[in-house]
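Scroll down for the structure; my scribbles are underneath it.
The values are calculated or read from the model by the stated rules, or taken from the named source; none is laboratory data. In this text, all values refer to a predicted model and were calculated from it rather than measured experimentally. Positions of Cβ are backbone-derived with ideal geometry, glycine not excepted, and every protein chain shown enters the neighbour counts.
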Amino acid sequence: MSDETEQLQRDLDELREAVLDDWVLITARGGDALRAFQNTFSWRVTRPLRVFRRFEKRVHEIGFVPSSQLAAAALARKLGKHR
């Protein structure tokens, strides 16, 4: 390889490393930001209310028993992911 080709390869490798470093940093900080947001009072209060409103709307559309079955299945899936 020529000197110019080797230099271009080194430059490309540096760019790849920089992109990977940025991705790791963004991913780590994004998780921290999400956890901080989920710990806010507003999130802890409004999220359950939104879930209840969705359930209430579903009950109105398809009835209580089918809605309860769907909610139970969703809860089982969610709990199964955290075991």
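Is it the case that region 74-83 has a residue that's surrounded by fewer than 10 Cβ atoms within 10 Å (Cβ to Cβ), modelled with pLDDT under 80, of a type outside the set (Ser, Thr, Tyr) and not in a helix (DSSP H, G or I)? The answer is yes, given that some residue of region 74-83 is surrounded by fewer than 10 Cβ atoms within 10 Å (Cβ to Cβ), modelled with pLDDT under 80, of a type outside the set (Ser, Thr, Tyr) and not in a helix (DSSP H, G or I). In region 46-61, what residues are loosely packed, with under 10 Cβ neighbours inside 10 Å and among the hydrophobic types (A, V, I, L, M, F, W, C)? Answer for region 46-61, where residues must be loosely packed, with under 10 Cβ neighbours inside 10 Å and among the hydrophobic types (A, V, I, L, M, F, W, C): just Leu49.
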